[in-house]
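The values are calculated or read from the model by the stated rules, or taken from the named source; none is laboratory data. Quantities reported herein were computed from a predicted structural model and do not represent experimental measurements. Note that each Cβ is placed from the backbone with ideal geometry, even for glycine, and that neighbours are counted across all protein chains shown. Ligands, DNA and RNA are excluded from the accessible area calculation, which covers all protein heavy atoms including side chains. Shrake-Rupley method; radii C 1.70, N 1.55, O 1.52, S 1.80 Å.
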Amino acid sequence: LKRSGSTLHTFAFIFYYKPFVVASKLAPLRCNIAILVAMGKKVKAKASDVAGPDLSSRPAPAKLEEEVIDLSNQDLGLGRVLNAEDVDPGYKGLRGKPRKEIPKEPEMLEEDMSPKMKKYERGVTEKKAPVPGKGKWENRAADRKFKKNREAAFLLAKNEVLQTEETGFLEAEDETDCTWKYSQEDLLENATIGVAKKRFQFALPYGPYHVDFTRNGSHVVAGGRKGQIALLNCETMNIMCELQAKESVRAVQFLHDQSLFAVAQKKHIFIYDKAGTEIHMLREMKFANKLDFLRYHFLLVASGERGDLHYRDVSTGEPVVTHRTKLGMTQAMRQDPTTGIMNLGHTSGCISMWTPTISEPVVKMWAHQGSVNAIACYGNYMVTAGAEGLWKVWDMRKRESMGTYKTYGSSACDIDISFTGLVSVGFGSHLQIWRDVFSGDRPKKPYMTEEYPGRSVTSLRFRPTEDVLGVGHSDGFESIIVPGAGLANIDTWAANPYETSKQRKEREVHSLLEKLQPDSIMLDPSRIGSVDKTMAEAFEQEQKEAKAQQVKKEKKKKRGKGKIGARLKRKTQKISNELKARIRARLAAEGKEGEELEAETEKALQKELEKVEQNDDDEPDDEEEVDPEDDDEGEGKDEDDDDEDEAGASSKRGAPSGALGRFYGKRPRRR
């Protein structure tokens, strides 16, 4: 107002154009309107005295008091602008143009999340009614557990909105077309440059080869039966190390990351670092042909020709346990990633499941008529292959077979399952990849196939987070493109394929701090943290029975029994009882009875005791002999030196002699 030069024109401008207010500021709005009303009245009063344009010809504007809207009674919504057109429908705006309509806020649609939550539910999935026999704290604990599981499943299902990527598979154009007809050359012609780079081949004369990938899929290690070992970066295709072991290589296995890997050689297991330097030689684990690693427990597991199952903690280097399976040579071994249980296949066609804490298999089932050649696990399902040329899909919740498939030419040598449920089976020179084998409907044809004429497939491993399958065969190793094999939305907290060296170090430290103990591996992992009341009650009952069977030894009281006065008192009482018995027998033989017998016995007893005291006074002061019956197993032993000095001092002062003297003090010993 000060800069305008004329307050009259300014206030006239305010009155001519109708003001607008913002509904989000209710309290300051009413104050500002009141100020404008007061200032407007003042301007009207002074307009006649000030020279200026004639405002009387213009139509009189409506009063501001009439334009004020009671916002407390209007449901306008937060953030909506309240203009004068809300009062006057014919209002055209400042420049005569109609204002744009303000869009309404979008309404939140309620979606039923229960179908999405089912695949994330774990543990207690249904709310149970309170059990009358249990206390209120136990019922409350069950409710809290149910609520936590429900909340976790809801958050995971809700988080799917952020996962925009979807897994893609090969789809046939029509019913006459089949996806298994497409070869790798056909896929590379239509693939992008980034996908085509993931396909590589190494023709080497040291086969057959075994391959393994790291948890994040960034590195691959390959070991040839004739001794060649190579570590390769899958992104840059740089060879990190290559060495010649100069002896046969049976299996290779990465540990927690690419910095360490284990190799089962001819007799012992060796640990190498990423530069190819030998770090350890495990002499206790001999003739192993199968290796696996429990990454959450840091346990290296090995089994082989002798049928022994070895567990070793690689964080401390100490052996954990060795189980004697007594089922023959181990032909196949694979861990269940959900529970950590080791599944072993034997030559008898039997499959055994082991934990480190139990010396016997927790489950033992007969699966094939021939020896078990390969095992793979996926959630609640397991796939096994036998020497009779069949491979089966098992539902481990019921221990029943869901389907049986047959190979041709030779039996399956290795099986692997991707994160999306694709099953790869290698037999002879053929490779098949099957889809939807864990659903209710049995597929009739494989999803993809690949042929290796003149070579035999020996090892199969899917690369995590990528649509790639690593294949080891008798003429080297390679990778093939398998659309739909990798996860579209990866969890970088569990395995980050793009992690830096600093992130890798931090992850290694955290994984060591969060390492699980071997006793946490069990058939039912939901039992962790719970208490089996039946076992607890049985244990308490056994403890009570053991205590009842034990003979409680009475504690001997030593207070005062070893003192000289108590010892002499017992000795005197014993002598008097013996004398009294002899006197009573003698008088009874003389024919005395009743009161006369008792009176004569007391008189004769007094005389005999006086004679005994006189004989004791005449005896030399030798060391007193102690009756073994009165000794109480060594409790009446000699007193300390202080008692001896006190007894000697009392005798020098003229202590009473005889039985009375012995009662009051001990006589000095002869040195």
Q: Kindly indicate the residue of the stretch 365-405 that is closer than 18 Å to residue 427 by Cβ and hydroxyl-bearing (Ser, Thr, Tyr) and also nearest to the chain's Cα centre (by Cα) among those meeting that condition.
A: 384
Q. What number goes with the only condition from (1) surrounded by 22 or more Cβ atoms within 10 Å (Cβ to Cβ); (2) over 26 Å from residue 230 (Cα atoms) that residue 463 does not pass?
A. (2)
Q: Check residue 154 against each of (1) in contact (Cβ under 8 Å) with a residue 12 or more places away in the chain; (2) under 24 Å from residue 460 (Cβ atoms); (3) among the hydrophobic types (A, V, I, L, M, F, W, C) and name the one condition it does not meet.
A: (2)
(Q) Can you tell me how many residues within the stretch 383-424 are touching a strand residue (DSSP E or B) at 6+ places or on another chain (Cβ under 8 Å) and among the basic types (Lys, Arg)? (A) 3
Q: Go through the stretch 471-490 and give me each residue that's open to solvent by less than 30 Å² (accessible area, probe 1.4 Å), more than 32 Å from the chain's Cα centre (by Cα) and small (Gly, Ala, Ser).
A: 472, 476, 479
Q: Check whether at least one residue in the stretch 324-335 is in contact (Cβ under 8 Å) with a residue 24 or more places away in the chain, surrounded by fewer than 22 Cβ atoms within 10 Å (Cβ to Cβ), farther than 22 Å from residue 264 by Cα and not basic (Lys, Arg), and report yes or no.
A: no
Q. What number of residues within the stretch 343-356 are crowded, with 20+ Cβ neighbours inside 10 Å, among the hydrophobic types (A, V, I, L, M, F, W, C) and more than 22 Å from residue 421 (Cβ to Cβ)?
A. 2
Q. Only one of 320, 301 is within 26 Å of the chain's Cα centre (by Cα), open to solvent by 50 Å² or more (accessible area, probe 1.4 Å) and of a type in the set (A, V, I, L, M, F, W, C); which?
A. 320
Q.
All but one of (1) open to solvent by 60 Å² or more (accessible area, probe 1.4 Å); (2) under 33 Å from the mean Cα position of the chain (by Cα) hold for residue 254; state the number of the condition that does not hold.
A. (1)
Q.
For the stretch 395-405, check the following and say yes or no: at least one residue is touching a helix residue (DSSP H, G or I) at 6+ places or on another chain (Cβ under 9 Å) and crowded, with 20+ Cβ neighbours inside 10 Å.
A. no
Q | Subset of the stretch 434-459 (residues that are open to solvent by less than 40 Å² (accessible area, probe 1.4 Å) and either under 22 Å from residue 490 (Cα atoms) or assigned to a loop (DSSP other than H, G, I, E, B) (or both)) | A | 437, 438, 443, 446, 447, 452
Q) Taking residue 468, is it touching a Gly at 6+ places or on another chain (Cβ under 8 Å), crowded, with 19+ Cβ neighbours inside 10 Å and aliphatic (A, V, I, L, M)? A) yes
Q. Which one of these does residue 239 not meet: (1) among the aliphatic types (A, V, I, L, M); (2) in contact with a Phe, Trp or Tyr (Cβ under 7 Å, 6 or more places away or on another chain); (3) open to solvent by 70 Å² or more (accessible area, probe 1.4 Å)?
A. (2)
Q.
If I go through the stretch 157-180 residue by residue, how many of them are open to solvent by less than 100 Å² (accessible area, probe 1.4 Å) and assigned to a helix (DSSP H, G or I)?
A. 5
Q. Name the pairs: first residue in the stretch 222-248 and farther than 24 Å from residue 288 by Cα, second residue of a type in the set (Lys, Arg), Cβ to Cβ under 9 Å, at least 6 apart or on different chains?
A. 234/198; 234/463; 235/197; 237/197; 240/274
